[in-house]
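The values are calculated or read from the model by the stated rules, or taken from the named source; none is laboratory data. All values derive from a computational prediction rather than experimental measurement. Cβ sites come from the backbone with ideal geometry, for glycine too, and all protein chains shown count toward neighbours. With ligands, DNA and RNA removed, areas are computed over all heavy atoms of the protein, side chains included. Shrake-Rupley method; radii C 1.70, N 1.55, O 1.52, S 1.80 Å.
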Protein chains: 2
Amino acid sequence: MRSIAQNAELALLLEVAGTPKPGNVDREREYADLRFEHFLAGAVGARSGLKLAADPDGPPIGEAFERAVAGMSDQRGGNTQFGALLLLTPLARAAGRGNLSPSGVRAVVESTTVTDAAGFYRAFEHVAVAVDDPPADMDDLDVRRGSDAVPTLHARGLTLGGVMERSADRDGVAREWTEGFPRSFGAAERLQERDGSVADRAARVFLELLADEPDTFVAINHDEATAERVSERARAVLTGEEDADALAEELIEREINPGTTADIVAAGLFVALEEGLEI
Amino acid sequence: MRSIAQNAELALLLEVAGTPKPGNVDREREYADLRFEHFLAGAVGARSGLKLAADPDGPPIGEAFERAVAGMSDQRGGNTQFGALLLLTPLARAAGRGNLSPSGVRAVVESTTVTDAAGFYRAFEHVAVAVDDPPADMDDLDVRRGSDAVPTLHARGLTLGGVMERSADRDGVAREWTEGFPRSFGAAERLQERDGSVADRAARVFLELLADEPDTFVAINHDEATAERVSERARAVLTGEEDADALAEELIEREINPGTTADIVAAGLFVALEEGLEI
């Protein structure tokens, strides 16, 4: 029987194994400087931090997250799974507390402190993450400041849950944090309902989630119109008007990566594995 | 910096990620009942045992091996990495003792006891492994007896090193044990000399090793003539007379899996990672 941390690591591996996952690195597509093997190393490296997250008596989840990101970053591809780890960390803590459910993870979010927020900010020192410019009143809290922002966090008494709330309108991962992880739990349900290999299910659920909502990582790196257009194209794949592989080739070519949607699939895989999905 | 156990797990993942690896499951080829994702889960599950193997003050390596195999088996594909773990276990212990070299691993092999041999036999109870019938005088020591063979091991005072010696003429993994892991260290050297992605290097070195020597897993599951013919075909790929992908398709079709060669590539990847190969 796999531990919580093992399931979290396996979720990261299964996510990247699913193909075609238009726009993202998968088993059959990669970039010269961001390869499939970087995701393998990222998943292996993240496990120690995930183990801390899964331990109900472990360190604050901000620290566990930072450790997971530090381990993930021990490869040359850069940011492989930052967003996925930001979802997996509170989910692993909820699982460790024996309540992996929307209310269980809400309780984890509500119990976060300023110390957790500081861990989150420190995590940005381990790896370059594509983020949007913060709103004017949050300039001191630009995540790219890393630990330099910690005094401001303390001054404003901002918890990690609070930090996420301030980004929820622009970032799909933060939105999961504030809403009880609805898309992650929804993905888990879909993954369990389908047949076939788990990697194939992951690729299918990725397309469905992408069709449902524009990817915020695409919106940040390109713009909202591009993100909306990508979701339209995903809907066209689901109705059979477009070919998934052709779309995958095109988006990789254009460097359009729906990374937030992939993060949510990873979170869904973790929940599904914890709920008994067999490999 | 990755730990020894992390590098061992990553080696298993990189091995299966290399493609084309004619005859074996890889990133682009799989069987309906033995899929890429089974290898991912196998690698994740094996790590706890590998961690025990890497600890110089840990339990006997036979026990560490059994734990690694038990963890590996927690998926529905069956035997994914038994042979690779049999190579990685003593290599990880040698690394843990600070001497990952032919002489270092020879010392590990020489220090094995009957208790280690018992752990090795118990490992066969976790998963079905394709093995040859034992010679007439070794019927009581058929590995398929699992722990039922343990009294005979004690009666004959057989260490794990001794068990391997008795299979070295028929089994390529056992031969590594008796000869100081020459092909594993050789593979590590080749992996480090090449350019390109590590997964691509692993696929290339797989072909070279297969061209060098008939695969004993193919000889056991089919016959020696088939194993020799597969090595000839691998040589033809290296000289450009045959296409690697076409050969991969054909061997998968015919269910001819050069598994021992893949095991040695995994061992080589581990040594290379420990020696500083970057991902």
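The charge dipole of the range A:4-274, taken about its Cα centre with unit charges on the Cβ of Lys, Arg, Asp and Glu (plus for the first two, minus for the last two), comes to roughly 880 debye. Summed over both chains, the area buried between B and A is near 2700 Å², taken from the accessible surface of protein heavy atoms with a 1.4 Å probe. Dipole magnitude for the range A:82-186: about 480 debye, using +1 per Lys or Arg Cβ and -1 per Asp or Glu Cβ, origin at the Cα centre. Computed over protein heavy atoms with a 1.4 Å probe, the carbon and sulfur contribution to the accessible area of the protein assembly as shown reaches 44%. Per residue of peptide A:7-20, the mean number of Cβ atoms on other chains within 10 Å of the residue Cβ is 3. The phi torsions of the range A:98-115, fed into the Karplus equation with coefficients 6.51, -1.76 and 1.60 and a -60° offset, translate into couplings of x, 9, 7, 8, x, 6, x, 7, 4, 5, 5, 4, 5, 8, 5, 10, 5, 4 Hz, rounded to whole numbers, with Gly and Pro shown as x. Taking the alpha-carbon centroid of each part, what is the distance from the range B:190-267 to the range B:83-97 in angstrom? Cα centres, the range B:190-267 to the range B:83-97: 23 Å.
Rounded to the nearest whole Hz, the Karplus-based 3J(HN,Hα) values (6.51 cos²θ - 1.76 cosθ + 1.60, θ = phi - 60°) of the range A:212-218 follow the sequence 5, 8, x, 7, 6, 5, 5, with x at glycine and proline. Going toward the positive end of the dipole of the protein assembly as shown, with +1 on Lys and Arg Cβ and -1 on Asp and Glu Cβ, which of A:264, B:261, A:161 do you reach last? So the residue furthest toward the plus end is A:161. Backbone geometry of the range B:249-260 corresponds, through the Karplus equation with coefficients 6.51, -1.76 and 1.60 at θ = phi - 60°, to 3J(HN,Hα) couplings of 4, 5, 5, 5, 3, 8, 6, 9, 10, x, x, 5 Hz, x marking Gly and Pro. When the Cα centres of the range B:114-139 and the range A:1-35 are compared, how far apart do they sit, in Å? Spelled out, the Cα-based centre of one part sits 35 Å from the other. For chain A, build the charge dipole from Cβ charges (+1 Lys, Arg; -1 Asp, Glu) around the Cα centre, then report which of A:279, A:216, A:136 sits farthest towards its positive end. Farthest along the dipole direction, towards plus: A:279.
Dividing the C-alpha radius of gyration of the protein assembly as shown by 2.2 N^0.38 Å, with N its residue count, gives 0.99. Around residue B:148, what is the net charge, scoring Lys/Arg as +1 and Asp/Glu as -1 over all other residues with Cβ under 14 Å from its Cβ? Summing Lys and Arg as +1 and Asp and Glu as -1 gives -1. About the centre of its Cα atoms, the protein assembly as shown shows a dipole size close to 1580 debye [charges on the beta carbon of Lys, Arg (+1) and Asp, Glu (-1) only; nearest 20 debye].
Which whole-number value in Å² is the accessible area per residue of chain B, probe 1.4 Å? Write out the running numbers ahead of the final one.
Values: 10350 Å² over 279 residues.
Result: 37 Å² of accessible area for each residue.
Among chain B residues, the beta-carbon with the smallest distance to the axis carrying B onto A is reported, with distance in whole Å, as B:27, 2. Relative to the longest principal axis of the C-alpha atoms of chain A, give the angle of the C-alpha long axis of helix A:61-72, reported between 0 and 90° and rounded to the nearest 10°. Once rounded, the angle reads 50 degrees.
Convex hull volume of the Cα atoms of chain A, normalised per residue: 110 Å³.
Residues whose amide H lies under 5 Å from that of residue A:181, counting only those 5 or more places away or on a different chain, are absent; hydrogens are built 1.01 Å from N in the peptide plane. Within straight cross-link reach of residue B:51, meaning Cα distance under 30 Å, which lysines are found once same-chain residues fewer than 8 apart are removed? Residue B:51 reaches A:51, B:21. A label point on residue A:55, set 7 Å along the Cα-to-Cβ line, lies at 1.4 nm from each of its counterparts in the other copies, closest listed first.
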